[in-house]
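Report on the following structure.
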Amino acid sequence: MRARDIAEEYPVVNLDADALDAARLLVGHQLPGIVVTDTSGRPHSVLPGSQVLGFMIPSYIQDDPSLARVYDEAHADRVAARLAGRKVREVLPSRPTELPAVDPDATVIEVAALMARLRCPLVAVVENERVSGVITTTHLLDLILPRP
């Protein structure tokens, strides 16, 4: 099986998309992450849900989890408000990482190896500089795990 055979249609967002809308897209479709394209539509990066959470939660709370206990539900709303008025590009890591992407002829093991190496929940299948589909970890595991 090749990447083109197992890739699925998947939503993408642009670097300049609203970050709150992108987070809502993650939630609404129960996605582990989302492919981000540059202004010309070429794949740029993947925005995992964990990165969105990392942006929303102040670093001092991430560094000292005991502080998280102080936050109640009312504070949680304020934390989510940190996405308001932000662009997706602002939520991405400041240091660029390797784009988790493969060509359509990549094998299942090539896709799995890339996911494992980058610790990324999805891989974009890129053809002619455009995202033709996405392979998620759960879909890939479903294909390669033995059936009971």
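The values are calculated or read from the model by the stated rules, or taken from the named source; none is laboratory data. Everything numeric in this text was worked out from a predicted model, so none of it was measured. We place every Cβ from the backbone using ideal geometry, glycine too, and count neighbours over all the protein chains shown.
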Could you list, in sequence order, all residues of the range 14-33 that are under 20 Å from Ala81 (Cα atoms) and touching a residue at least 24 places away in the same chain (Cβ under 8 Å)? Leu15, Asp16, Ala17, Asp18, Ala19, Leu20, Ala22, Ala23, Leu26, Gly33
What are the residues in the range 59-95 that are under 29 Å from Asp16 (Cβ atoms), over 18 Å from the mean Cα position of the chain (by Cα) and either touching a residue at least 60 places away in the same chain (Cβ under 8 Å) or in a loop (DSSP other than H, G, I, E, B) (or both), if any? Ala84, Gly85
Looking at the structure I just gave you, is Glu98 surrounded by 12 or more Cβ atoms within 10 Å (Cβ to Cβ) and not in a strand (DSSP E or B)? no
Residue satisfying all of: in the range 34-49; in contact (Cβ under 8 Å) with a residue 12 or more places away in the chain and of a type in the set (S, T, N, Q); surrounded by the most Cβ atoms within 10 Å (Cβ to Cβ) among these: Ser45
Condition (residue is touching a Cys at 6+ places or on another chain (Cβ under 9 Å), modelled with pLDDT under 95 and within 29 Å of Leu140 (Cβ to Cβ)) applied to the range 38-51: is it met by at least one residue? yes
Within the bounds of the range 102-121, is there any residue that is at negative phi, of a type outside the set (Val, Ile, Thr), part of a strand (DSSP E or B) and surrounded by 13 or more Cβ atoms within 10 Å (Cβ to Cβ)? no
